[in-house]
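Presented below is the structure to which this report refers.
The values are calculated or read from the model by the stated rules, or taken from the named source; none is laboratory data. Predicted model, so just to flag it, every value in this text is computed and none were measured. Because the Cβ atoms are built from the backbone with ideal geometry, glycine has one as well, and the counts that use them run over all protein chains shown.
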Ligand code: FE
Ligand code: FE
Ligand code: ZN
């Protein structure tokens, strides 16, 4: 089954996102758990979640992906900023228990001059504080572009974080195709090699989701500017190889391309036409 969806807004609730996804022939979706700028989030309605869970089952939707606000930084130099990130993630994870089996993706953080090793320690310390043994959510580290002092643009850095997380059985990775290209991994001409490297360092069983984005910039640019599918440096042939790759084709794919709903619908139609049944 090809699970493909796009980023949607949570503002009207879960059932509304399910129906919106269905209207563009998606069978999954991603949403921000709250305003990307962070801050407090409205409570989620139990009735809405119950209705969504029925909808998800009835329409054969795959796993959905909750995205933490991208402004959180577990490895900020400022203790107050680290604490805010921890508290927000703890609140998100507690809420997500109402949606068992959901994936929760976050940007590992920016070490802002503290050095990557300190960054990794602080990220793992934050995770160790907010995770608990019976949690039903899998927490995903997103592969980053390496903009500024971002941690997580090398597979080794993600490995080091996971190694320091006590409940690492609840940890996985979300691979963002724009970011890995930006980080210098050649997924255009050497996808097999990159996946072999991922497998050697992280283990392909850790890979739980793909952010499917084209890139406005050439490989190794460290810029993190997403482009529409087929209109950037990654290009459609490479994207078609990614969605059909035997190690990836079973994973849920999430578009974070610069689009409104209609544009996402067009990209989903294009990708469906290129997915080998
Ligand atoms: Fe992200
Ligand atoms: Fe992403
Ligand atoms: Zn990005």
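Per-structure values
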| read-out | value |
| --- | --- |
| Scan of region 208-228 for residues that are within 14 Å of ligand 2 (Cβ to nearest atom) and touching a helix residue (DSSP H, G or I) at 6+ places or on another chain (Cβ under 8 Å), ordered by number | 210, 211, 212, 213, 214, 215, 223, 224, 225, 226, 227 |
| Looking only at region 1-34, and only at residues there that are out of contact with any helix residue (DSSP H, G or I) (no Cβ under 9 Å at 6 or more places or on another chain) and not in a helix (DSSP H, G or I), the one that is farthest from residue 264 (Cα to Cα) | 1 |
| Every residue from region 241-277 that is more than 19 Å from residue 8 (Cβ to Cβ) and either within 17 Å of the chain's Cα centre (by Cα) or part of a loop (DSSP other than H, G, I, E, B) (or both) | 242, 243, 245, 246, 247, 248, 249, 250, 275, 276, 277 |
| Failed criterion for residue 177 (all others in (1) within 16 Å of ligand 2 (Cβ to nearest atom); (2) in contact with a strand residue (DSSP E or B) (Cβ under 6 Å, 6 or more places away or on another chain); (3) within 21 Å of residue 73 (Cβ to Cβ) hold) | (3) |
| Lone qualifier among 127, 93, 74, 141 - being crowded, with 17+ Cβ neighbours inside 10 Å, away from ligand 3 (no atom under 16 Å from the Cβ) and not in a helix (DSSP H, G or I) | 74 |
| Out of 42, 57, sole residue that is surrounded by fewer than 16 Cβ atoms within 10 Å (Cβ to Cβ), at pLDDT below 95, away from ligand 3 (no atom under 16 Å from the Cβ) and more than 15 Å from the chain's Cα centre (by Cα) | 42 |
| Meets criteria (surrounded by fewer than 24 Cβ atoms within 10 Å (Cβ to Cβ) and without any contact (Cβ under 8 Å) to a residue 60 or more places away in the chain) for residue 175 | no |
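Each row is one residue, and each column tells you yes or no for (1) more than 16 Å from ligand 1 (Cβ to nearest atom); (2) without any contact (Cβ under 8 Å) to a residue 12 or more places away in the chain; (3) on the phi > 0 side of the Ramachandran plot; (4) touching a helix residue (DSSP H, G or I) at 6+ places or on another chain (Cβ under 8 Å).
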site	(1), (2), (3), (4)
65	no, no, no, no
72	no, no, no, yes
79	yes, yes, no, no
85	no, no, no, yes
98	yes, no, no, yes
111	yes, no, no, yes
120	yes, no, no, yes
